[in-house]
Every structure is written in C-alpha cells, then in structure tokens.
Amino acid sequence: MNIAKKYNLTFSVSEMQGFTRRPSIGVTNINGNPLNHEIASFLEPNGLKLINHIKDEIISLDYSFEFKDYNIWGYHDAESIEVRNLPPNPAVVIFNTGGREVVVSIADFLLILEEWKFFVESVPKPHWLDNR
C-alpha cells in the first residue's frame, strides 16, 4: 500500500454481525481536509471485475495521440474519471466530484488499482464487492 498511502488512502474492512463484510477505502483529514476523498469515493464500490475493466480500458488507450475528456465509469453512474493525454505532459487521470480537480498520474493510478485489487482479493468471501 505504498502508493495508496502516498495519496492518503487507507483500506479497511467493516464487519458487523448479521451483515456482509464491506471492503472500504477511507482518507484521513490533513489540516481539516479529506485529501483525495474523490479517489476513495470513485474506487470504493468497484470490485475485481470493475477494477480489471477500468485498468484494461486505461491500458488500451492510444497515448501516441493527444486527447482529453475520455471518461471511464466505475460502479456508480454519477462518478467517472477523466483520462487526459496532453503531450509533452504525462498522461493523467482526473477526479472531479467536488468541483476541484484531483490529478493523478496514470502510472500511480494503475498502482493504486493494483493495491485495491490485491486488498479486495484478500478479504474473505462473502463480501460486499463479490460480484462487482
């Protein structure tokens, strides 16, 4: 979880008797601000199927061309990420659910996806993200 920690993301599992386990992503407040809440909000409802879909879609893009406004949707209809490739700048993923853009390099985001995937795979089944 080195990259996740770099972005202030923490992975955990909520377990309450009578309820299905729920893997979750949280952020800690830094100076009163929930830094990178947008990343956690987008990733949290995505299970293994959607993590792989998001990763595959990012990898399949042709970065030899300039583009922006390429949206990739996760589990929630209301939340997507934008992929931008504006050379000579490196390609990035943009999160913008609160009116402020959170910019993450493609390389870091793919590593965060891998860390989330590894974490979700480690949670004993059944859990909330089993079929997502």
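The values are calculated or read from the model by the stated rules, or taken from the named source; none is laboratory data. None of the values given here were measured: they were computed from a predicted structure. Cβ coordinates were reconstructed from backbone atoms using ideal geometry, including for glycine residues, and neighbour counts include every protein chain displayed. Just so you know, the surface numbers come from the protein's heavy atoms only, side chains and all, with ligands and any DNA or RNA stripped out. Shrake-Rupley method; radii C 1.70, N 1.55, O 1.52, S 1.80 Å.
Taking 4 °C and 1.567 mPa s as conditions, the chain diffuses translationally at an estimated 84 µm²/s according to Stokes-Einstein applied to its Kirkwood radius (Cα pairs). Separation of the stretch 58-132 and the stretch 1-30, taken as the distance between their Cα centroids, equals 17 angstrom.
Can you send over the carbon and sulfur percentage of the accessible area for the chain, probe radius 1.4 Å, protein chains only? Numbers along the way, then the final one.
Values: 3940 of 7610 Å².
Accessible surface attributable to carbon and sulfur in the chain totals 52 percent.
Provide the net charge surrounding K55, with neighbours chosen by a C-beta distance below 15 Å and charges set as Lys +1, Arg +1, Asp -1, Glu -1.
So the environment of K55 carries a net charge of -3.
Can you tally the net charge around T20? Count Lys and Arg as +1, Asp and Glu as -1, for every other residue whose Cβ sits under 14 Å from the Cβ of T20. Here the charged neighbours net out to +2.
Highest-first packing order for the peptide set 63-75, 81-93, 105-117 is 105-117, 81-93, 63-75, based on the mean count of other beta carbon atoms within 10 Å.
Karplus-based coupling profile of the stretch 11-24, in residue order and whole Hz: 9, 7, 10, 8, 10, 10, 4, x, 10, 6, 3, 10, x, 9, with θ = phi - 60° in 6.51 cos²θ - 1.76 cosθ + 1.60 and x standing for Gly or Pro.
Calculated accessible area for the stretch 61-114 comes out at 57 Å² per residue, all protein chains present (probe 1.4 Å; ligands, DNA, RNA ignored).
Cα-Cα pairs above 16 Å in the stretch 77-129: how many percent? In whole percent, the long-distance tail amounts to 56.
The value of relative contact order for the chain, using C-alpha pairs under 8 Å at least six residues apart, is 27 percent. Mean residue ellipticity at 222 nm, helices only, the chain: -9500 deg cm²/dmol; runs of at least 4 DSSP H residues each add -39,500 (n - 2.57), and the sum is divided by the number of residues.
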